[in-house]
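Please read the structure below before turning to the comments.
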Amino acid sequence: MKILVTGGAGYIGSHTCVELIKDGWDVVVVDNLSNSSSEALQRVEAITGRTIEFHQADIRDKAALSKIFKTRSEMHHHVEPKNEEQNNTGNCSIDAVIHFAGLKAVGESVEMPLEYYSNNITGTLALLEVMREYGVKNLVFSSSATVYGDPHALPIKEDFPLSVTNPYGRTKLMIEEILKDLHVSDPSWNISILRYFNPVGAHKSGKIGEDPLGIPNNLLPYIAQVAVGRLPFLNVFGNDYNTVDGTGVRDFIHVSDLASGHTKALPKLFTNPGVVTYNLGTGRGHSVMELVRAFEKACGREIPFKIVPRRAGDIAACYADPSKAQKELDWKATRTVEKMCQDTWNWQSNNPTGFNKIHTG
Ligand code: NAD
Ligand code: WQD
């Protein structure tokens, strides 16, 4: 079975490629490398011992996407697909799409809303149109816990009310709604919406990991760069929240656990579930200071920090009830916060400047 992975060179995408290949799926990647390096895919090949078919293209480029779907159909059937949907249906050997491609920085989305709506919404629409054209109607979509806004209770269940406060979050919520409308119009679509909590960590090999451009926005990559000496100290955004120690509490989940959530979501798609939504989190909250202490243990160095005012838009605490995914997908996160910090440190200390490639795009 062949899976097209959009955004497969990125942080979560590259780790998911490893798990997919490990589980015997064939993987095709499309990525425009706007926030990643092709070196990540070479490292995935080194980890798995398999080659990956890679297309450098923007998902908004329908002609380029079509080529990826068409190439596969010609390879197997030697027929020229026509424009009408029914003529392409069945001629394509891609069985499902896992859709990671998009922009993801909350602050940047406030500064550059049009880029976010274009990459995330227009990009998803282009992908869905090409999928429909080729009769590929199985999709796993990367959503985010950000769609829950400031939750009225904890832990967060999938049926909680949804609300968003920034353009990035709005793109995720809009895409979820687009996907539901699509399924209403054509129930033969099967769509798994996965709401990720806070992905951290790296593959245990230390060969792939998170490699943000510029100064990191997120906590763990920031701590890791302080540990390795690229940044002088961590700014802790507020210690006056109503939490265990006053700092923010999040559901940090190891990226390899998150990746295996995708390999579990795939077989479910082939049971014709319609649209299904799952939280991917551990179900446990950890505070910012708990993460700092766990990272200090993992790296054997002190992490200097300063308490600074709260970051606008942050909530006090957020963690998942992941029991629906456990029950319906037989999936559960198993890696501890200690392991998340060890693996992040292993990646960061072996690759102090990340993939060390000039980012393109
Ligand atoms: P990432 O930036 O590392 O990966 C996204 C990949 O998509 C990158 O390789 C980028 O080059 C590619 N891309 C972006 N726009 C594209 C376009 N128009 N055409 C083709 N490729 C494009 O981010 P990630 O952390 O791996 O996130 C993957 C997905 O998961 C995103 O959709 C993100 O919104 C979602 N998500 C991430 C987090 C998180 O904290 N990392 C949390 C919840 C949801
Ligand atoms: C975690 C905690 C900060 C950096 C974001 C997106 C969310 C999702 C995951 C995509 C908070 C504190 C952080 C720093 C700090 N992404 N912090 N100093 O904000 O929970 O979630 O990433 O979908 O949509 O909003 O993650 O890692 O930025 O912050 O004190 O330098 O660490 O205040 O309490 P967040 P984060």
Among the residues of region 186-204, are any surrounded by fewer than 19 Cβ atoms within 10 Å (Cβ to Cβ), under 24 Å from residue 14 (Cβ atoms) and away from ligand 1 (no atom under 11 Å from the Cβ)? yes
Which ones in region 342-358 are under 19 Å from the mean Cα position of the chain (by Cα) and part of a helix (DSSP H, G or I)? 343, 344, 347
Check residue 88 against each of (1) crowded, with 20+ Cβ neighbours inside 10 Å; (2) modelled with pLDDT of 95 or more and name the one condition it does not meet. (2)
Name the residue, out of 108, 80, that is over 15 Å from residue 129 (Cβ atoms), modelled with pLDDT under 95 and either part of a loop (DSSP other than H, G, I, E, B) or within 16 Å of ligand 2 (Cβ to nearest atom) (or both). 80
Specify the residue that is nearest to ligand 2 (Cβ to nearest atom); the eligible residues are those in region 43-61 that are within 21 Å of residue 95 (Cβ to Cβ) and crowded, with 16+ Cβ neighbours inside 10 Å. 59
Taking region 113-165 as the region of interest, how many residues are in a helix (DSSP H, G or I) and either surrounded by fewer than 16 Cβ atoms within 10 Å (Cβ to Cβ) or out of contact with any Leu (no Cβ under 8 Å at 6 or more places or on another chain) (or both)? 15
Check residue 227 against each of (1) more than 16 Å from ligand 1 (Cβ to nearest atom); (2) surrounded by fewer than 22 Cβ atoms within 10 Å (Cβ to Cβ) and name the one condition it does not meet. (2)
Just to verify a result, which residue in region 144-170, among those that are under 19 Å from the mean Cα position of the chain (by Cα) and closer than 17 Å to residue 275 by Cα, is farthest from ligand 1 (Cβ to nearest atom)? 158
Subset of region 176-207 that is within 12 Å of ligand 2 (Cβ to nearest atom) and not charged (D, E, K, R) - its residue that is farthest from residue 253 (Cα to Cα): 194
Within region 10-34, how many residues turn out to be more than 9 Å from ligand 1 (Cβ to nearest atom) and at positive phi? 1
Answer yes or no as to whether residue 173 is within 15 Å of ligand 1 (Cβ to nearest atom), part of a helix (DSSP H, G or I) and either closer than 21 Å to residue 98 by Cα or modelled with pLDDT of 95 or more (or both). yes
If we only count strands (runs of 3 or more DSSP E) wholly inside region 180-246, which ones have 3 or more residues that are within 20 Å of residue 100 (Cβ to Cβ)? 190-196, 198-200
Scan region 227-239 and tell me whether some residue there is touching a residue at least 60 places away in the same chain (Cβ under 8 Å) and under 19 Å from the mean Cα position of the chain (by Cα). no
If a residue has to be surrounded by fewer than 20 Cβ atoms within 10 Å (Cβ to Cβ) and assigned to a helix (DSSP H, G or I) to count, how many in region 18-42 make the cut? 4
Determine, yes or no, whether residue 297 is among the basic types (Lys, Arg) and under 28 Å from residue 179 (Cβ atoms). no
Give region 328-350 a look and list any residue that's touching a residue at least 60 places away in the same chain (Cβ under 8 Å), more than 11 Å from residue 224 (Cβ to Cβ) and among the acidic types (Asp, Glu), or say none. 328, 330
Residue list for region 249-272, restricted to those being assigned to a loop (DSSP other than H, G, I, E, B) and either more than 22 Å from the chain's Cα centre (by Cα) or of a type in the set (Val, Ile, Thr) (or both): 271, 272
For region 104-148 the number of residues that are of a type in the set (Phe, Trp, Tyr) and without any contact (Cβ under 8 Å) to a residue 12 or more places away in the chain is 0
Count - residues of region 311-360 that are within 16 Å of ligand 2 (Cβ to nearest atom) and either exposed (fewer than 15 other Cβ atoms within 10 Å of the Cβ) or on the phi > 0 side of the Ramachandran plot (or both): 4
Taking the criterion of being hydrophobic (A, V, I, L, M, F, W, C), within 19 Å of the chain's Cα centre (by Cα) and in a loop (DSSP other than H, G, I, E, B), would at least one residue in region 315-337 satisfy it? yes
Could you please give the count of residues in region 230-253 that are of a type in the set (Lys, Arg) and more than 14 Å from ligand 1 (Cβ to nearest atom)? 1
Is there any pair with a first residue in region 202-220 that is under 22 Å from residue 311 (Cα atoms) and a second that is assigned to a loop (DSSP other than H, G, I, E, B) whose Cβ atoms are under 6 Å apart and which are 6 or more apart or on different chains, and what are they? 213/359; 217/105
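The values are calculated or read from the model by the stated rules, or taken from the named source; none is laboratory data. Model, not experiment: these values are computed from the prediction. Positions of Cβ are generated from backbone atoms using ideal geometry, with glycine treated the same way; all protein chains shown enter the neighbour counts.
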